[in-house]
Amino acid sequence: PYSVYRYGDQADELWLHYFDYRTRPELLQAPLRFQKLPALPEACRGEALNQELDYGQVFERIVQTFDRFYAFFDERGVDWETVKQRYAARLEGVTSEEQLFELLEEMLALLEDGHVNLRWDDRSFNSGRPKLRARLAEAWSKSGSDLAEGAWVSAWHRGVLDSVHQVLDSGSVRSGAAKALEWGTLGGDVGYLRVNRFSRFTEGQEPRPVQYDALDADLAKMRADLAATRTLIVDVAMNGGGSDAAAQIVAWYFADQRRPVLRYEVEGAPAQDIVISPRGPGETRPVLLLTSEITASAAESFVLMMRAFPHVTQVGGRTRGGISSLLPKPFPKGFMVTLSYQRVLDAEGNLFEGSGIPPERPLELFPDDDLQGGFAAALATLAKADPR
C-alpha cells in the first residue's frame, strides 16, 4: 500500500507516501520520514535478531513506540510519563502473555482512543468506547432479551437503519455501491442520502480502483434521482469510517467550488493540504449533514471536508473524535498494536481529535426514552425544518 520516494540527492533519507492502495494520488496523506543510520543497531544484527525477549522488554518496546508516534496525549488528557512508569512498576508480576496483555489493556484504556487497538492470539482490545455504547448496554440489561449483548446492539443498529425507510417517501428508496449508499426523498422536495460506510463498494473483492469507480457511478445516479429536491440531508450518523479517499469522492458531489478542505500533519514531514473540486456542476442547495457519536474515523474526515462548504450545516451530535489514520505495529510474542499518529486539521487549522466535531445545530438522535425510534422521528422533524 505504500509508494516510496527519494528527494533530491539525499540518499540518506527515505520518504514513504501513503496513496490509499495506489488509487487516488490526489489524496496524499502526510508522509513518514526515515533517516539512514551509519550502521545497524546491535538489536538488528546477528544473534540479537533471534534473542528471546522477556515480558518487560516487550512492554518497553510498545511504550517506546507510543513515545515516538502517538500524537494525542495532551488531547486525550493523559500524563503519559506518569502512566508508563506506574505500569512498568507492575511488570514483576507478569509471567505470561495473558498477563502482559491484561496489563497493556488496562494502560491503553486510559487513552480512550478508538484507533488504539491491542491484539494477541485470539484476544483483542479497543481503547475507545463511546458513551452511547454504555447506554445501549444498560438498555440491553433492562430489556430481558435472550440475545447476547453484542447481538442485541447489532439488532438495535440494524433497526435504526431500517426505521429510516418508514419516513422516506414510498417508492423513492434506492441503494448503490453494494448498499454503502441509500437515498430517497422526504415530503417530495427534500433529498436524503445515507452513507453507511466508506468502504466495500462492490459485492466482490475487486481492487480499490474498481470499487471507487462503482461508488462514483452510483453517486451520479443519486444526484440524478434527487435533482429536483430543494434541500439535501446527508446522513453519516451511523457511519464508523473506512477510507478517506472514498470520503473525498462523496464530498465531490456536494462541493460548490474548488476549496481547501483538510490538512494532514505528521511529525517530521511536510504538511499535506487537500483541495476538493466539485464533480460536475457545483452544489449550492442547502445541505444538512447529520452526525452523531457513532460518526468516526474517515466519516469524521468527511465531516471536515463538508464543513468547508458554506451551504453545508452540521446537525445532530458531536462526532467520536478519532480522525487520525491507524499506524499498525507488530511486536515480539505475537502482540500487535495500532495507534493514532496523524493530525487531521480542518480548512481553518482546527484539530478535533479527542474532542470530536461539534454540530452547528444540535439535535438529539438517540433519546433515552426512544433509543430505537428516536432517530427516524428526528429525521422527519429535520426534513420539515428551515434548512438555513
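The values are calculated or read from the model by the stated rules, or taken from the named source; none is laboratory data. Because the structure is predicted, anything quoted here is derived from the model rather than measured. Neighbour counts are summed over all protein chains in view; Cβ atoms, including those assigned to glycine, are modelled from backbone coordinates with ideal geometry. The accessibility values were calculated without ligands, DNA or RNA, using every heavy atom of the protein model including side chains. Shrake-Rupley method; radii C 1.70, N 1.55, O 1.52, S 1.80 Å.
The table below gives the values:
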read-out: Output for segment 250-279, where each listed residue is out of contact with any strand residue (DSSP E or B) (no Cβ under 8 Å at 6 or more places or on another chain) and touching a residue at least 60 places away in the same chain (Cβ under 8 Å); value: Glu267, Pro270, Arg279
read-out: Options Ala220, Ala227: the member that is over 25 Å from the mean Cα position of the chain (by Cα) and at pLDDT 95 or above; value: Ala227
read-out: Checklist (1) farther than 19 Å from Pro330 by Cβ; (2) part of a helix (DSSP H, G or I); (3) not aromatic (Phe, Trp, Tyr) applied to Val78, failing item; value: (2)
read-out: Answer residue from segment 115-133, given it is in contact (Cβ under 8 Å) with a residue 40 or more places away in the chain and within 14 Å of the chain's Cα centre (by Cα) and is surrounded by the most Cβ atoms within 10 Å (Cβ to Cβ) among those; value: His115
read-out: Pick from segment 154-184, criterion open to solvent by less than 20 Å² (accessible area, probe 1.4 Å) and more than 21 Å from Leu371 (Cα to Cα), ranking: farthest from the chain's Cα centre (by Cα); value: Gly184
read-out: Qualifying strands (runs of 3 or more DSSP E) (wholly inside segment 115-224; at least 1 residues being touching a strand residue (DSSP E or B) at 6+ places or on another chain (Cβ under 7 Å) and closer than 29 Å to Phe72 by Cβ); value: 117-120, 123-126, 190-195
read-out: Those residues of segment 81-98 which are under 24 Å from Glu52 (Cα atoms), part of a helix (DSSP H, G or I) and open to solvent by 70 Å² or more (accessible area, probe 1.4 Å), in sequence order; value: Gln85, Glu92, Glu98
read-out: Residues satisfying the stated conditions in segment 208-221, i.e. within 28 Å of Leu382 (Cα to Cα) and open to solvent by less than 10 Å² (accessible area, probe 1.4 Å); value: Leu215, Leu219
read-out: Any hit, segment 334-356, residues being of a type in the set (S, T, N, Q) and open to solvent by 30 Å² or more (accessible area, probe 1.4 Å); value: yes
read-out: Top-ranked residue in segment 332-388 [being in contact (Cβ under 8 Å) with a residue 60 or more places away in the chain and hydroxyl-bearing (Ser, Thr, Tyr); ranked as nearest to Leu103 (Cα to Cα)]; value: Thr338
read-out: Segment 101-114 - residue that is open to solvent by 20 Å² or more (accessible area, probe 1.4 Å) and in a loop (DSSP other than H, G, I, E, B) and, of those, farthest from Glu60 (Cα to Cα); value: Gly114
read-out: Segment 161-179, residues that are touching a Leu at 6+ places or on another chain (Cβ under 7 Å) and either touching a residue at least 60 places away in the same chain (Cβ under 8 Å) or not charged (D, E, K, R) (or both); value: Val164, Val167, Leu168, Ser175, Ala177
read-out: Residue count, segment 230-274 (criterion: of a type in the set (A, V, I, L, M, F, W, C) and part of a loop (DSSP other than H, G, I, E, B)); value: 8
